[in-house]
Every structure is written in structure tokens, then in C-alpha cells.
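Visitor: Okay, here's the structure, questions in a sec.
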Amino acid sequence: MNNSTAWRSAAAMRILLVAALAAAAFLGAFAYFSGNTSTSADGNGDPANPEETDAQVISFTTADTGSCLTWGHNPQGEVTNFETTSCEDEHRFEVSTREDLSTFPTSEFGPDAAMPDVERQNALRDELCQAATVRYLEGKFDPSGKYDIASILPPAAAWEQGDRTMLCGLQTTDINGEPQLTTGKVANVDQALVAEPGTCLALEDNQRGLPVDCAEDHQLETVSIIDLNERFPDGYPSDEDMDNFLDETCTANAEEYLGGEEQLYQSTLQPFWGSLSETSWNTGSRSVNCSLIHTDGDGFSTITGTAKDGRDGLRINGESPEERPERNPLRSEQDNNTDNTPAAPTPAAPAPAA
């Protein structure tokens, strides 16, 4: 059996992995600022870019559709330096629409109303932000991608003063739901949810992939990010074309990641690549991960250590990698080791007896 056939034994697991990675798309976090949290650019508690909405009420931000926002955190974990910034610079939130809850057709958000609880905040996000954000992106939003639709309410002090501004927008979060820094407008970047090379992922019971230290138990080690758009610039490829390209590319990337084909063979790990649905392609995603895995017949094996440390640094289901049988030299090795000395001439045949 050739190496490609052996590695493709992982194909039966590929659908499971794709489902697991799709499940890893984090729920849209509601960025909620406490009354003790500064929303100013200088961290002194003054409103950032104040906007007067009527004679008495000043909004906590002037950010509007198309604006990008960023902020930091103090040692206590409170938000600081909340401000608008260029979307080409690092930011944590892109505004898709701005809402005024004081115009809500009930008294729910009247002058004396309490700030909505988390359950109501999430409902408002779904009611007011979901459709508006998809329209903002002209339909180019991949719900299986790395971006979440989220919302921001004023800090508690501003709410008490009557500010009912709500910002809808997009963010990408870590495993704890904390908004992360990103660059570029969502409409112009790859939305695919991918891990960085060298990241190890542990699959939880719900099949969500969580980044962990490679010294801990995990099921996948990320080798590379493969941009399908580079190979298929004219549109979504056929399943066969995509799979053939990913097979070849992921295998080559895995060999490069480990230092050669022999190192990959000795690791006993298999190249494993995700797939991209046509829906995700049409809504803004273009990349998939190439990873290393091990299968035990029933699913993913548990791996400890990084494959970059070789066989001695790996444990698979608690054991050292199985011994590999010796192989015939690869064709490339045979070609490299070919003796260029001309062959000796064949002795002449003896003359026939008279």
C-alpha cells in the first residue's frame, strides 16, 4: 500500500473533524461594560467621542455603521481606552449598525429602566443585529466562520444617564468569548475559522476543538493553513479537484513541517485536512487547516507531545509510536543515490566453434 493510500485511511474521520471545527465557532459574545469600567480613550472615565443625542443625553460613542472599535484591559480585567480606530489597524469590533433602544415601541427601555440582563441582551442581538449585519455584508457572512455577530451596550453609568445606544457588529473571540484583535474589514478578509500552524487541538465531548499546550492530551496538531483561493481563483472547485489538491498540498506541508517524508513516516501520524462547503465559500471563507492526526480504528487517538520532536517526543494513547517496518528506498532517494559511473561494457560473445 503506498503512502497516499495509508494516509487517506483518515478520510473516514474528515467529516467528523469538519463538524468539530464548525462547532468551534464561538457564540456571539455580548460586550457588556460594568459601571466601574472606563470607556474613554485616556482611561479617565470620560465618554469616548461623546455624541449629544438630545439636550440631556450624551452617547458613550459616536461609532456608526462601518466604524471599527478597539479597547484594552487594566489589571483588574476592566475595559479601558474604548475608542474608534481605522479598520485597517488592529481592532476588536466592526460596527454594522447603530440602534437607539429609546425608540423601542414599549416602555422597556424608558428613562428609569434597568439595563437588560444577559438573556434579554442576547435576544436583542438576535432581533436587531442578525439581519442588519448580514445586510451590511451584502449576504457575505459565513456563520461557520471565525466571526460572530455581537452587540455592545453603554457602560452602566451611561445607561443610568439615559444613553440607550446599542451597537451591532462583528468580532472574533477566543475560547473564553473574549473579543480578539483583528485587522481589515470583514467583507474583505477570509472568514474561515482556522488554527495557526503549531497549534494543538483537543476535542471536547461536544467535538469542539480547543487549543491546548501540545504537552497536554490532544487529537490534532496544526501543520498549515491552505488558501484554496490561490489554486481555484475562478470559483468553487469540484469535490474531486479540491480533495486531490488538498491531498497533495497537505502531504507536502506535513513533510516540510516535520523535516521530510521519512520523519512523517516514522511519526506514524497521518496528514488530515478539512473541507470547505460551497455555502462557506460563497459567504466569505477560503481556507482550511492541514493537521496531523492518528486514528485507532474507532476515531481519533489521543496524542501527547509535538510531532516536531520526533518519535521520542510523542505518545499515542499513552504509548510510544509503533515501530515502522523498513521500506525500500523511495524513488527520489534511488535517483539521488544513482552512481553516475558509466557501466562496464558487456564482454563480447565467444566466436562460434568451427
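Visitor: Can you list the helices (runs of 4 or more DSSP H) lying wholly within region 228-267 that have 1 or more residues being farther than 24 Å from GLY284 by Cα?
Guide: It comes to 239-258, 261-267.
Visitor: So, one more: Applying the selection to region 135-163, what residues are in a helix (DSSP H, G or I) and surrounded by 20 or more Cβ atoms within 10 Å (Cβ to Cβ)?
Guide: Across region 135-163, the qualifying residues are TYR136, ALA158, TRP159.
Visitor: Residues being surrounded by 14 or more Cβ atoms within 10 Å (Cβ to Cβ), on the phi < 0 side of the Ramachandran plot and modelled with pLDDT of 95 or more: count how many of those fall in region 174-192.
Guide: Narrowing region 174-192 to residues surrounded by 14 or more Cβ atoms within 10 Å (Cβ to Cβ): 177-179, 182, 184-187, 189-192.
Restricting the remaining residues to those that are on the phi < 0 side of the Ramachandran plot gives 178-179, 182, 185-187, 189-192.
Narrowing the set further to residues that are modelled with pLDDT of 95 or more leaves 179, 182, 185-187, 189-192.
Here the count works out to 9.
Visitor: Here's something else I'd like to know. Identify, from the list GLU178, GLU204, GLU127, the residue that is in contact with a Leu (Cβ under 8 Å, 6 or more places away or on another chain) and of a type in the set (Asp, Glu).
Guide: So the residue among GLU178, GLU204, GLU127 that is in contact with a Leu (Cβ under 8 Å, 6 or more places away or on another chain) and of a type in the set (Asp, Glu) is GLU204.
Visitor: Moving on to the next point. Can you tell me which residue in region 250-263 is surrounded by the most Cβ atoms within 10 Å (Cβ to Cβ), limited to those that are more than 13 Å from LYS308 (Cβ to Cβ) and touching a helix residue (DSSP H, G or I) at 6+ places or on another chain (Cβ under 8 Å)?
Guide: So, considering only residues that are more than 13 Å from LYS308 (Cβ to Cβ) and touching a helix residue (DSSP H, G or I) at 6+ places or on another chain (Cβ under 8 Å), the one surrounded by the most Cβ atoms within 10 Å (Cβ to Cβ) is THR251.
Visitor: Could you grab the pairs with beta carbons closer than 6 Å, sequence gap of 6+ or different chains, first residue in region 124-147 and under 23 Å from GLU278 (Cβ atoms), second one assigned to a helix (DSSP H, G or I) and not aliphatic (A, V, I, L, M)?
Guide: ASP142/SER280; SER144/SER280
Visitor: Tell me which of these ALA215 doesn't satisfy, since it passes every other one: (1) part of a loop (DSSP other than H, G, I, E, B); (2) of a type in the set (A, V, I, L, M, F, W, C); (3) at pLDDT below 95.
Guide: (3)
Visitor: Between a first residue in region 287-301 that is of a type in the set (Phe, Trp, Tyr) and a second residue that is at pLDDT 95 or above, which pairs have beta carbons less than 8 Å apart while being 6 or more apart in sequence or on different chains?
Guide: PHE300/GLN219; PHE300/LEU220; PHE300/ILE293; PHE300/HIS294
The values are calculated or read from the model by the stated rules, or taken from the named source; none is laboratory data. Computed from a predicted model, the values in this text were never measured in an experiment. In this analysis, Cβ positions are derived from the backbone assuming ideal geometry, glycine residues included, and neighbour counts consider all displayed protein chains.
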